[in-house]
Amino acid sequence: MKNKITTTIIIILLILLKIYLISVQPIKYIPENKYDDALMLKQANSILQGKWLGEYNSLTLVKGPITPIFIAILNKLHIPFLIGQELLYDVSCLFVIYTFSKTIKNKKILYIIFAILLFNPVTFSTEICRVYRDGIYTSLTMLLIGFSYSIFLNRENSPKKQIKYFIGLGITLSALYLCREESIWILPFVIISTITTIIFIIKDKKIKSSKILIGMYAIPIAIFIINNLTICTVNYKNYGVFELNQYWSKEFKEAYGAITRVIPNEIYSKVPVSQETIKRICEISPKFKEIEEYLTGEEADKWSKCGDGKIGEIQGGWIHWAIIKGVDAKGYYKDAKTANQYYKELANEINNAIDEGKIEGYKNKRVTNVPRFNFEDIINSIKKCKDTIRMENNFYLLKIVVQNRLSNDLQENEKWKNITGEEIDTEITYNGTENQNRLNALKQIKKIYIKINPIIFKISLICVIGLIICSIINHNKIYNEILILLGLAGLYLCRIFIITFTYITMYTDALNTMYLANTYGVQILFSLLAIIFFVQNIRKKTDQNQEVLKEKIKLNPKKDITILIPCLNEEKTIGICLKKARKIIQQENLNAEIVVVDNGCEDNSIKIAKKQGARVIKVDKKGYGNALRYGTIEAIRKICHNGWCRW
């Protein structure tokens, strides 16, 4: 009971310290960003008014509803957005620590892991201070790890004890999927961890309820399906379309797929549809011709400035928004059905033109919102991953100080403050000695992580290799630890690859703190666990060797023996004899002494013997027999064995 109270106090104090430090940070205020921050705030406000995501327009269904729902819930609970976001992260870290307490018994080590995860600098960076989804996404990723590994590590428990983890996994998967559009990257981790757990359940004969446990994986699947169907139903009721997200809708993907099906005459990096391709498509598609002005000329120049590519060419990360803007300007977003009908007709016009030979295109139709890529892009992405990992390891581009420019629209300012419950004026939040001290403390924490994290990461890689080698050579059953680390490494690399691939194929700005936010926690957790698991394994092996030695001593009690060595001017060989004698003592587990009998030595024999720790006795009567006789009298052990320096 006392230990639980101590644990609770330590955890609460750490969380309160973190909240005290980060409370100096204001909300990042970007009212002009209608595609991101302003959209989240607007939709949260609509939810609070009971209007779901608000009146339908071109942006209503382009992003998942989880973040607006989260903002609305915090508003109802009167919890400021950044504090609520931090509390969610705190809970996710706590749950991860609770999960791995199954394999790490030392509570002090668990406290250290929690503290390092808790003060992860990305959680108080300027990007996470935005009214956006990446702070939540980071916490949900940690919860995914916690629930997945809780099922794996507690597989021997009864189904009744396990059900909470299956329910949590289903809710977390749903939230992740509805938070960001590219959440497909988590599927390899989820599928492999599920298959691995099922295999271990089947192989473990001690698990009596194996069939029930395997069948319980239907719970997260059912929760995932029900949650998605619920959102689709609500969207249908409010907007007349049974879909989660227009970005994922069949009609939009058909249209984008048709546009990128046309073979370009000019190819530019990260540009899925060049300006000359747009003009050729306009010649064969009246629907596309309608939005030409929003994809070319001055509009194209504006969009091209979002990246670092050729002026006038729109990179893949922005072409979707340019198309949506043009379709909206032409009045097709008066409702969801009209917008979908436009995209359907656009896709049919382009695909039919390609099939009829009016414009050159690839053979197969495309239904996707991903630009066309080739094997070389994949290879380049893999090569570039090294730089992305280095950037993440060193917290490159991560900023702490928020710099807001207040809008002249006082009503807009108040709306942001009221809905988020946060201050937006940095002159107020950073004013005063105490606030500056807190801000400086956050900067120092960032510097510490920048110095230590790359070193810990490199050590962890060595530890993982060491664990695998130990498992193979010594036949150590450390499968749980190795599989946990490989799973975390796979999850981390999947995210790194998907962001790097986006950078290579779509747009330069993909490599930023916001998109990489959830990789920091995963990488830190991986590094710490790898080192701890390796140290635990070494200690376990040492303890096992000591136990074997103790058992050997019990079975073979030490024998008392005196090793008697007569010596007469044997400086060349006495050292060798003594070394061999000590080696035998160690190998045979003897309780022994070494006695050198000085039978009148005139060289350095006796000096060498004393230096090597032998007991020396002097016998003046010459002769080998006399040396043995008087040496035996001086022996203090029960058994006496005589040796000779000329071994």
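Results for (1) modelled with pLDDT of 85 or more; (2) buried (at least 20 other Cβ atoms within 10 Å of the Cβ), shown as yes or no for each residue.
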{"residue": "Ile563", "(1), (2)": "yes, yes"}
{"residue": "Lys579", "(1), (2)": "yes, no"}
{"residue": "Lys583", "(1), (2)": "yes, no"}
{"residue": "Gln586", "(1), (2)": "no, no"}
{"residue": "Ser605", "(1), (2)": "yes, yes"}
{"residue": "Ala614", "(1), (2)": "yes, yes"}
{"residue": "Asn626", "(1), (2)": "yes, no"}
{"residue": "Asn642", "(1), (2)": "no, no"}
{"residue": "Trp647", "(1), (2)": "no, no"}
Hey, Thr433 hits all of (1) open to solvent by less than 80 Å² (accessible area, probe 1.4 Å); (2) closer than 27 Å to Phe81 by Cβ but one; which does it fall short on? (1)
Note on Lys34: of the conditions (1) at pLDDT below 95; (2) among the charged types (D, E, K, R); (3) touching a Leu at 6+ places or on another chain (Cβ under 8 Å); (4) not in a loop (DSSP other than H, G, I, E, B), unmet is (4)
(1) modelled with pLDDT under 90; (2) more than 29 Å from Tyr256 (Cβ to Cβ) all hold for Val370 apart from (2)
Output yes when any residue across segment 99-106 is farther than 23 Å from Lys325 by Cβ and in a helix (DSSP H, G or I), and no when none is. yes
Which residue is surrounded by the most Cβ atoms within 10 Å (Cβ to Cβ), if the candidates are limited to segment 114-145 and must be touching a Cys at 6+ places or on another chain (Cβ under 9 Å) and closer than 26 Å to Glu481 by Cα? Leu140
Is it the case that segment 64-82 has a residue that's among the small types (Gly, Ala, Ser), open to solvent by 10 Å² or more (accessible area, probe 1.4 Å) and part of a helix (DSSP H, G or I)? no
Some residue of segment 483-495 being assigned to a helix (DSSP H, G or I) and over 13 Å from the mean Cα position of the chain (by Cα): yes
Do we find that Asn340 is touching an Asp or Glu at 6+ places or on another chain (Cβ under 6 Å) and among the polar types (S, T, N, Q) in this structure? yes
Pick out the one residue from Ile314, Ile284 that is over 17 Å from Tyr343 (Cα atoms) and either crowded, with 16+ Cβ neighbours inside 10 Å or of a type in the set (D, E, K, R) (or both). Ile314
Please pick out the residue among Ile354, Ile450 that is at pLDDT 90 or above, part of a helix (DSSP H, G or I), among the β-branched types (Val, Ile, Thr) and open to solvent by less than 40 Å² (accessible area, probe 1.4 Å). Ile354
Residues (closer than 14 Å to Glu360 by Cβ and of a type outside the set (A, V, I, L, M)) located in segment 259-278: Thr260, Arg261, Pro264, Asn265, Glu266, Ser274, Glu276, Thr277
If you take the residues of segment 196-213 that are open to solvent by less than 90 Å² (accessible area, probe 1.4 Å) and β-branched (Val, Ile, Thr), which of them is modelled with the lowest pLDDT? Ile207
Name, by its number, the condition in (1) surrounded by fewer than 17 Cβ atoms within 10 Å (Cβ to Cβ); (2) out of contact with any strand residue (DSSP E or B) (no Cβ under 9 Å at 6 or more places or on another chain); (3) at pLDDT 90 or above that does not hold for Glu570. (1)
Please state which one of Tyr236, Tyr268 is modelled with pLDDT of 95 or more and of a type in the set (Phe, Trp, Tyr). Tyr236
From the options Tyr256, Tyr239, residue that is aromatic (Phe, Trp, Tyr), more than 21 Å from Val367 (Cα to Cα) and surrounded by 13 or more Cβ atoms within 10 Å (Cβ to Cβ): Tyr239
Pull out all pairs, ordered by first then second residue, where Cβ-Cβ is under 7 Å, the residues are six or more apart or on different chains, the first lies in segment 237-251 and is closer than 18 Å to Val370 by Cα, and the second is basic (Lys, Arg) and open to solvent by 20 Å² or more (accessible area, probe 1.4 Å). Glu251/Lys344
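The values are calculated or read from the model by the stated rules, or taken from the named source; none is laboratory data. As the structure is a computational prediction, the values presented were derived from the model and not from experiment. Don't worry about glycine lacking a Cβ; one is built from the backbone with ideal geometry, like all the others, and counts go over all protein chains shown. Areas reflect the complete protein model, heavy atoms only, side chains present, ligands, DNA and RNA absent. Shrake-Rupley method; radii C 1.70, N 1.55, O 1.52, S 1.80 Å.
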